[in-house]
Amino acid sequence: MKYLICNLKSNQTLKEATEYKEKIIKIDTEGINFVLCPTFTYLSLYQSENIKIGAQNVSEYDNGAYTGEVNAKQLKSCGINYVIVGHSERRKIFKENADAIKNKIKQAVKNGLKVIYCIGESEEQYLRQKTYVTIEKQITEIFGCLTNDCIKNIIIAYEPIWAIGTGKIPQNNEIEEITSFIKKVLSTHYHANMPVIYGGSIDDSNIKKLNKISNVDGFLVGGASLNIEKLKIIIEVTK
Ligand code: PGA
């Protein structure tokens, strides 16, 4: 079953989020692993709904004096089962480094959350043909410090930074080759066989083409998931 993970990012007012929820809970998502990741403030809107929910971030710390942070135990206690870690926006804008990412993953898994770990190269790295080196580093610098049990709870999201929110997408054969490479790194170094999904500028007009890539285990959708009509098409095609 393919994953379809929707990252709503920092969008929607309470009114908009409530209207969105009323529509999204009516969509039939059977046949895919559908996970919706709203803003923290709206996570509880979904508490009694039959829909899998993820958070967009998690504290690298336990309970305690960490003003402004939301920790993994709190997320789990609200019925949340997934969390996105290592998103390029968090790495770049919020300066999250490998240490913070490792701690977040450890906290998440310790508290029973599944992690969607985002990796991907910048446009400069892509143009200088540094994609593979960059990706391998993003995997090994994190996974080398995790136990096998921890690694089993991770889904990899390959998201080229230059494709996020830009309308630019790699060719299918490029995504296929990079996905194979990621799977090879995971199996060779860690004997791991986790899902690898693609993200970056997915919408209703390109999902059919992307869904033809045979080794991709699903998709991470940002901007297009805010539009219910576009999302319905993406869901139907992914099924
Ligand atoms: P996008 O975002 O679909 O708007 O490009 C993807 C993401 O950031 O996860």
- prompt: Given the structure, is Ala157 within 11 Å of the ligand (Cβ to nearest atom), hydrophobic (A, V, I, L, M, F, W, C) and without any contact (Cβ under 8 Å) to a residue 40 or more places away in the chain?
  reply: no
- prompt: Is there any pair linking a residue in segment 195-217 that is farther than 21 Å from Tyr117 by Cα and modelled with pLDDT of 95 or more to one that is more than 15 Å from the ligand (Cβ to nearest atom) and assigned to a loop (DSSP other than H, G, I, E, B), with Cβ under 8 Å and at least six apart or on different chains, and which?
  reply: none
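Okay, residues lined up against (1) surrounded by fewer than 15 Cβ atoms within 10 Å (Cβ to Cβ); (2) of a type in the set (Asp, Glu); (3) in contact with a Pro (Cβ under 8 Å, 6 or more places away or on another chain):
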| residue | (1), (2), (3) |
| --- | --- |
| Ala17 | no, no, yes |
| Ile24 | no, no, no |
| Thr29 | no, no, no |
| Gly79 | yes, no, no |
| Val85 | no, no, no |
| Gln107 | no, no, no |
- line: Scanning segment 61-109 residue by residue, those part of a loop (DSSP other than H, G, I, E, B), within 19 Å of Lys9 (Cβ to Cβ) and either free of Cβ contacts under 8 Å to residues at least 60 places away in the same chain or charged (D, E, K, R) (or both) turn out to be Gly68, Glu69, Val70, Ile80, Gly86, Ile93, Phe94, Lys95, Glu96
Residue under evaluation Ala17, criteria (1) part of a strand (DSSP E or B); (2) over 21 Å from Ile155 (Cβ atoms), criterion not met: (1)
query: When you scan segment 124-134, how many residues do you find that are under 20 Å from the mean Cα position of the chain (by Cα) and within 16 Å of the ligand (Cβ to nearest atom)?
result: 0
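The values are calculated or read from the model by the stated rules, or taken from the named source; none is laboratory data. What you are looking at is a predicted structure, and each value in this text was computed from that prediction instead of being measured. Note that each Cβ is placed from the backbone with ideal geometry, even for glycine, and that neighbours are counted across all protein chains shown.
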